There are 2 protein chains.
Amino acid sequence: MTPRSPRPKDRGIPEATVARLPVYLRALQGMAERGTLTVSSEDLAAIAGVNSAKLRKDLSHLGSYGTRGVGYDVDYLVYQISRELGLTQDWTVAIAGVGNLGRALANYGGFGTRGFRIAALFDADGRVVGDEVAGLVVRHIDTLEDVVGSEDVSIGVIATPAVSAQGVCDRFVKAGVTSVLNFAPVVLSVPPAVDVRKVDLSIELQILAFHEQRKADGQAPPEAGWIDATEKT
Amino acid sequence: MTPRSPRPKDRGIPEATVARLPVYLRALQGMAERGTLTVSSEDLAAIAGVNSAKLRKDLSHLGSYGTRGVGYDVDYLVYQISRELGLTQDWTVAIAGVGNLGRALANYGGFGTRGFRIAALFDADGRVVGDEVAGLVVRHIDTLEDVVGSEDVSIGVIATPAVSAQGVCDRFVKAGVTSVLNFAPVVLSVPPAVDVRKVDLSIELQILAFHEQRKADGQAPPEAGWIDATEKT
DNA sequence: ACGCCCTTGTGAAAGTACGCACAAAGTAGG
DNA sequence: CCTACTTTGTGCGTACTTTCACAAGGGCGT
């Protein structure tokens with residue numbers, strides 16, 4: 001029995017699957033723009049750079065949206081994935097730290113093909129406060145609590161130097177932010193109810209260096225062929 | 001028996017471990033600077049935000065560098081991890097695309113606490129070519145092959161618009177680059193001998209949105225406590 | 001209507017990763 | 001030297017992930 005939740009839906013999409021849905025979504029949106037109506041798991045998997053069985057299993061977690069013998073309806077699948085990812089509603093984002101990186105993020109057009117609205121930019125440096133970046137006036141970090149509260153920000157992006165990151169994070173969390181995207185090279189501590197994702201340039205480089213060294217050591221002759229980058233993430 | 005490779009070492013470090021080593025390394029370097037001589041797996045794990053058993057198992061893949069009853073020698077461990085990650089030698093990096101992001105990357109000081117040297121910046125836009133960014137003169141993308149060859153670049157960073165990414169990647173690869181760090185929102189195709197890692201802002205945001213929606217739906221009361229962010233990567 | 005062919009959805013197997021719990025090994029104090 | 005205490009290194013059970021392989025389902029031509 002174990003009556004678990006109000007909804008009958010299982011609601012147990014594996015994390016690994018969630019991480020791939022955005023990739024599928026992007027591929028599908030590209031196809032939709034080019035006027036493609038349906039796509040097979042084989043073709044979509046090739047574009048997304050994954051195994052087709054994995055793709056089918058991933059999609060099966062959302063429901064049975066394919067048609068045997070035909071494939072998947074592109075538009076319908078775009079809608080279903082968007083809905084599952086929560087992109088049918090808008091999320092409000094605030095960015096703390098308007099250095100080179102913060103600027104790059106603010107100007108990142110579309111910001112994930114809609115679904116995300118940048119509500120505010122914060123910085124602690126008085127020389128930057130008041131500047132206009134990406135159509136927004138940079139505010140002082142001390143106004144963070146006010147703005148996050150009034151704008152109902154749910155996602156905080158941390159693009160500050162490492163030393164300030166935890167402090168800014170704490171303020172975000174206290175102000176009500178429940179998801180944090182961290183670009184600073186530090187491990188953040190947050191309450192369990194808050195999600196943190198980390199993007200760290202130097203970690204990525206170091207992982208590449210590891211494999212690079214491997215290749216240099218006992219240079220195993222690479223098997224021939226040219227495969228889709230199964231970008232190890 | 002199975003005499004496999006020249007070196008007796010097993011040389012089979014799990015990918016998940018490799019991805020965490022840089023985190024440990026950073027924590028250890030911080031401790032070293034602060035003068036800490038030894039550290040227990042418990043303490044280091046807390047700082048790195050992981051389970052201590054996992055930390056010990058990770059480190060055990062490099063060898064037995066701890067002392068029971070005492071812990072790990074900080075300096076020694078820094079050295080061992082650095083060596084394993086291939087940071088005892090310098091890797092040469094080239095960045096393609098000098099927009100906001102490329103600039104941010106070029107100026108990212110230390111570039112992973114040494115070990116990486118930026119040899120060149122490339123851009124296709126004539127208005128940017130010739131500018132000085134982070135102490136380097138931006139070169140035209142058409143000189144990519146020459147520079148990559150003469151400077152012996154092994155890691156290529158792609159910070160171009162999505163449409164140019166695959167083309168630039170192909171040129172990098174043809175010129176001899178064997179690792180690629182891709183910031184463009186596309187899946188790159190490369191030969192099997194080339195490693196690709198992807199950093200994708202909108203994917204990260206979409207994953208956060210998914211969890212955000214979860215929380216909003218059936219708002220499961222979060223259990224109390226304040227834990228270290230086990231930053232899901 | 002029928003049967004062929006194509007593609008999905010999924011059971012089961014294989015491969016990874018995680019974390020507990022404890023024996024082994026070392027330190028320190030008497 | 002012996003005992004008490006600390007911390008590593010790892011065996012083992014569990015959970016998650018990936019991949020294979022194929023039965024079931026659905027369209028399309030005749």
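The values are calculated or read from the model by the stated rules, or taken from the named source; none is laboratory data. Just so we're clear, the structure is a prediction, and the values are computed from it rather than from any experiment. Note that each Cβ is placed from the backbone with ideal geometry, even for glycine, and that neighbours are counted across all protein chains shown. Accessible surface is based on the protein model in full, side chains and every heavy atom, while ligands, DNA and RNA are left aside. Shrake-Rupley method; radii C 1.70, N 1.55, O 1.52, S 1.80 Å.
How many residues does the range B:41-64 hold that are at pLDDT 95 or above and within 6 Å of DNA strand D (Cβ to nearest atom)?
7
Working only within the range A:20-40, note down all residues that are away from DNA strand D (no atom under 12 Å from the Cβ), more than 14 Å from chain B (Cβ to nearest Cβ) and out of contact with any helix residue (DSSP H, G or I) (no Cβ under 7 Å at 6 or more places or on another chain).
Once the filter is applied, which keeps residues that are away from DNA strand D (no atom under 12 Å from the Cβ), more than 14 Å from chain B (Cβ to nearest Cβ) and out of contact with any helix residue (DSSP H, G or I) (no Cβ under 7 Å at 6 or more places or on another chain), the range A:20-40 yields only A:Gly35.
What are the residues in the range B:155-179 that are surrounded by 21 or more Cβ atoms within 10 Å (Cβ to Cβ) and either assigned to a loop (DSSP other than H, G, I, E, B) or among the basic types (Lys, Arg) (or both), if any?
B:Ala159, B:Thr160, B:Val177, B:Thr178
Answer yes if at least one residue in the range A:138-146 is within 14 Å of chain B (Cβ to nearest Cβ) and crowded, with 19+ Cβ neighbours inside 10 Å, and no otherwise.
no
Among all residue pairs at least 6 apart or on different chains, which show Cβ distances below 8 Å where the first residue, located in the range B:32-43, is in contact (Cβ under 8 Å) with a residue 24 or more places away in the chain and the second is open to solvent by 90 Å² or more (accessible area, probe 1.4 Å) and more than 8 Å from DNA strand D (Cβ to nearest atom)?
Listed by first residue and then by second, the contacts come to B:Ala32/B:Asp75; B:Leu37/B:Asp75.
With respect to the numbered conditions (1) at pLDDT below 95; (2) within 15 Å of the chain's Cα centre (by Cα), which one is the sole condition not fulfilled by A:Asn107?
In the conditions (1) at pLDDT below 95; (2) within 15 Å of the chain's Cα centre (by Cα), A:Asn107 misses (2) alone.
Can you go through A:Val129, A:Val93 and tell me which one is among the β-branched types (Val, Ile, Thr) and in a strand (DSSP E or B)?
Answer to the check: A:Val93.
Find the residue count for the range A:29-70, including only residues that are within 8 Å of DNA strand C (Cβ to nearest atom), hydrophobic (A, V, I, L, M, F, W, C) and surrounded by 16 or more Cβ atoms within 10 Å (Cβ to Cβ).
Within the range A:29-70, residues that are within 8 Å of DNA strand C (Cβ to nearest atom), hydrophobic (A, V, I, L, M, F, W, C) and surrounded by 16 or more Cβ atoms within 10 Å (Cβ to Cβ) number 3.
Only one of B:Asn182, B:Asn100 is surrounded by 15 or more Cβ atoms within 10 Å (Cβ to Cβ), of a type in the set (S, T, N, Q) and modelled with pLDDT under 95; which?
Only one candidate qualifies: B:Asn100.
Does A:Ala134 fit the bill of being touching a residue at least 40 places away in the same chain (Cβ under 8 Å) and open to solvent by 30 Å² or more (accessible area, probe 1.4 Å)?
no
Counting just the residues of the range B:66-90 that are of a type in the set (A, V, I, L, M, F, W, C) and assigned to a loop (DSSP other than H, G, I, E, B), which one comes out nearest to B:Ala53 (Cα to Cα)?
Step by step, filter the range B:66-90, then rank; the result is B:Val70.
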